[in-house]
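First comes the structure, then the notes that go with it.
The values are calculated or read from the model by the stated rules, or taken from the named source; none is laboratory data. The model shown is predicted, which means the values in this text are computed figures rather than measured ones. Virtual Cβ from ideal backbone geometry, glycine too; neighbours counted across all protein chains shown. Heads up: the accessible areas ignore ligands, DNA and RNA and are worked out on the full protein's heavy atoms, side chains in. Shrake-Rupley method; radii C 1.70, N 1.55, O 1.52, S 1.80 Å.
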Amino acid sequence: MTRKMDELGRLVIPKEMREQLEIDKNTILKIELEDNRIVISKDDSDYSKMLYANEELTRKVMYYERLLEENNISYLK
């Protein structure tokens, strides 16, 4: 099976493969280079889950901080 990469470097994993491997929008994938090949696999390690959760939390905090700033709302202390 072949797929074309888009102008932003994105590649769609075919639906059939995502279903077979139980990959959804919250699945953490590991991307590695092995012998001049790109290897993509599920990463179920606790470290990756923790790291991803921390990144999501940071994004949410930054989003709410920006909302507060845009609306001239100061933090309640």
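Accessible surface for region 1-74, divided over its residues, is 97 Å² per residue with a 1.4 Å probe. Considering helices alone, the calculated mean residue ellipticity of the chain at 222 nm is -14000 deg cm²/dmol, with DSSP H runs of length four and up weighted by -39500 (n - 2.57) and normalised per residue.
Pairs of lysine in the chain with Cα under 22 Å and at least 8 positions apart or on different chains: total? Counting lysine pairs in the chain gives 14.
Ligands, DNA and RNA left out, the 1.4 Å accessible surface of the chain is 53% carbon and sulfur atoms. Counted by Cβ distance under 14 Å from LEU51, the other residues give a net charge of -2, where Lys and Arg count +1 and Asp and Glu count -1.
For the chain, the relative contact order is 15 percent, taking Cα pairs closer than 8 Å that sit 6 or more residues apart in sequence and dividing their mean separation by the residue count.
Might you report the magnitude of the Cβ-based charge dipole of the chain about its Cα centre, with Lys and Arg at +1 and Asp and Glu at -1, to the nearest 20 debye? Please report the intermediate quantities before stating the final value.
Values: 14 positive and 17 negative charges, 38 e Å.
Result for the chain is approximately 180 debye, rounded to the nearest 20.
Peptides 48-61, 7-20 ranked from most to least packed by the mean count of surrounding Cβ atoms within 10 Å: 48-61, 7-20. Projecting the Cα atoms of LEU33, SER48, THR58 onto the dipole axis of the chain, where Lys and Arg carry +1 and Asp and Glu carry -1 at the beta carbon, places THR58 farthest toward the positive end.
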